[in-house]
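See structure below.
The values are calculated or read from the model by the stated rules, or taken from the named source; none is laboratory data. Note that the coordinates shown come from a computational prediction; the quantities given were computed from them, not determined experimentally. Cβ sites come from the backbone with ideal geometry, for glycine too, and all protein chains shown count toward neighbours. We work out accessible area using only protein heavy atoms, side chains counted, and drop any ligands, DNA or RNA first. Shrake-Rupley method; radii C 1.70, N 1.55, O 1.52, S 1.80 Å.
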Amino acid sequence: MVAFLGASNSAADNWDLFKMQRKVLLSIGIWPPDRLVRRWYIKIFIDINMVILSICIVGEFLHAYRDGTLRETIESICPAVSRLSGFLRMVLYLMNEEKIHRVLNGVRKMIKENHPRENAITKRMTLLGQQLTFYQFLTMFFAAYFYGITPFIIMAYNWYQGQRPLEKVLPFKLALPFDPQHSLYFVLTTIFLNYASIPTINSQTGCDALFSGVCLYLNGQFQAIRLEMEALTATLDEHSLKSTAAETHRINLELKRISQRHQEIIDLVSEARTAFMPTVLLIYTATAIIMCFVCIAMLVVEGIYKLTYLPYACAELVLLFLYSYSGTIIRDSSEAIQTAAYDFPWYRFDRNTRHLIQMMMIRAQYGSNVDVPFFETSMATFSVIVRTASSYVTLMKSFL
């Protein structure tokens, strides 16, 4: 797939930090750094994916509107909302490609300027980012897989029970202009609907994992700054009450370098917040609604269909958790720099040194978060959204 999309090996080598996120996004044709060199057939491929998602969304919502039963309505709306979420991610990424590209270039530039102490942290954050991407993809894949395989299990059981003629079951319920019981139409519709799951899950996995990967890298950079402050403190004589002129000069040069690096990281956090803000806002706005529909579906559907919605619910929880966790680690690692700066024996040095330390403390306290309007990206928000969704489900359960 990557070869089909025209990605060169040299281009891939430049994005080792986001290797898996890049592969997932390229499977739907979207990788922000390629926006200026994107081939015409890739643009067509993106359009085809968006058209396919649009057809499924319209068909599923029409089926939910026309069918009067609660079960049919819920079974149509659940995948429709998920497809709509994936479609909007693709739209938002295409609209913000330039900003996201700027963030990724900023990350790559900082990697080239790494202090040797940062290399180990960067490798650890890269590995963690790839693992989270893989696990996130698995949760989304199994959600789509159970949707696709469940109809065949049901049809096999019905055939075993002697149902003749066999009633054909589609993986998703949507309004169609033809009879899906016709063998040819059934096969083509099944292939179409199962293919539609690819842009649905990959748009969500790729977009969300890229955000998490950027946040993990920035978290690693803040950790490196904290370690540099601690290492600088360790070079000082703890028994000395007043520093020498030579030591003060050395410390000031090191603090200026660390302070400049700190400011660059904060600026990159600000760019990341601006670039990913629409997607983060979409996640926090839509996830509670999606969770409500999924949980209600688990209450109203029967038999094997209940197993279909369990991985779906887990996948949505994983998406919400990753965004909340990403925001939390940025905030916590930034505040840790404030503590490290305060622990530095600034009182032994001149006014310039004290000013540098104070500036770092202020920046660490107020300059680093990826919050969006109405929401703070934190584990506290994750808890609130899960509790809110649970309250909605409890309320709806009383009416069922």
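Residue-by-condition table, conditions (1) surrounded by fewer than 19 Cβ atoms within 10 Å (Cβ to Cβ); (2) of a type in the set (A, V, I, L, M); (3) under 19 Å from A143 (Cβ atoms):
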| position | (1), (2), (3) |
| --- | --- |
| P32 | no, no, no |
| C56 | no, no, yes |
| I77 | no, yes, yes |
| G86 | no, no, yes |
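Which members of the stretch 169-213 meet the condition of being among the polar types (S, T, N, Q), modelled with pLDDT of 90 or more and over 26 Å from A286 (Cα atoms)?
Result: T189, T190.
Surrounded by 19 or more Cβ atoms within 10 Å (Cβ to Cβ) and either under 22 Å from R89 (Cα atoms) or among the aromatic types (F, W, Y) (or both): does that describe M277?
no
Residue by residue through the stretch 341-373, note down the ones that are part of a loop (DSSP other than H, G, I, E, B) and among the hydroxyl-bearing types (S, T, Y).
S368
Picking from E247, E271, E254, which residue would you name as being farther than 30 Å from A143 by Cα and open to solvent by less than 40 Å² (accessible area, probe 1.4 Å)?
E247
Does A231 qualify as being open to solvent by 10 Å² or more (accessible area, probe 1.4 Å), small (G, A, S) and part of a helix (DSSP H, G or I)?
yes
Could you grab the pairs with beta carbons closer than 8 Å, sequence gap of 6+ or different chains, first residue in the stretch 184-197 and part of a helix (DSSP H, G or I), second one loosely packed, with under 14 Cβ neighbours inside 10 Å and among the acidic types (D, E)?
Listed pairs, sorted by first residue: Y185/D179.
Of all residues in the stretch 126-163, count the ones that are over 29 Å from P180 (Cα atoms) and open to solvent by 20 Å² or more (accessible area, probe 1.4 Å).
Result for the stretch 126-163: 11.
If you check E316 against the conditions, is it outside any helix (DSSP H, G or I) and either surrounded by fewer than 17 Cβ atoms within 10 Å (Cβ to Cβ) or charged (D, E, K, R) (or both)?
No.
Could you tell me which of the residues N119, N114 is without any contact (Cβ under 8 Å) to a residue 24 or more places away in the chain and either aromatic (F, W, Y) or not in a helix (DSSP H, G or I) (or both)?
N114 is the lone residue from the list that is without any contact (Cβ under 8 Å) to a residue 24 or more places away in the chain and either aromatic (F, W, Y) or not in a helix (DSSP H, G or I) (or both).
Any residue in the stretch 149-160 that is among the β-branched types (V, I, T), over 28 Å from the mean Cα position of the chain (by Cα) and not in a loop (DSSP other than H, G, I, E, B)?
Yes, that holds for at least one residue.
Just checking, how many residues over the stretch 327-340 are open to solvent by 60 Å² or more (accessible area, probe 1.4 Å) and either in contact with a helix residue (DSSP H, G or I) (Cβ under 7 Å, 6 or more places away or on another chain) or assigned to a loop (DSSP other than H, G, I, E, B) (or both)?
Looking only at that region, the number is 1.
Being within 30 Å of A389 (Cα to Cα), among the hydrophobic types (A, V, I, L, M, F, W, C) and in contact with a Leu (Cβ under 7 Å, 6 or more places away or on another chain): is that true of I289 here?
So I289 does not fit the description; no.
From the residues in the stretch 1-29 that are touching a Ser or Thr at 6+ places or on another chain (Cβ under 9 Å), part of a loop (DSSP other than H, G, I, E, B) and at pLDDT below 90, which one is most open to solvent (accessible area, probe 1.4 Å)?
Per the criteria, the residue is M1.
Say we look at the stretch 298-312 and pick out the residues that are closer than 8 Å to A143 by Cα and among the hydroxyl-bearing types (S, T, Y); which of these is modelled with the lowest pLDDT?
T308
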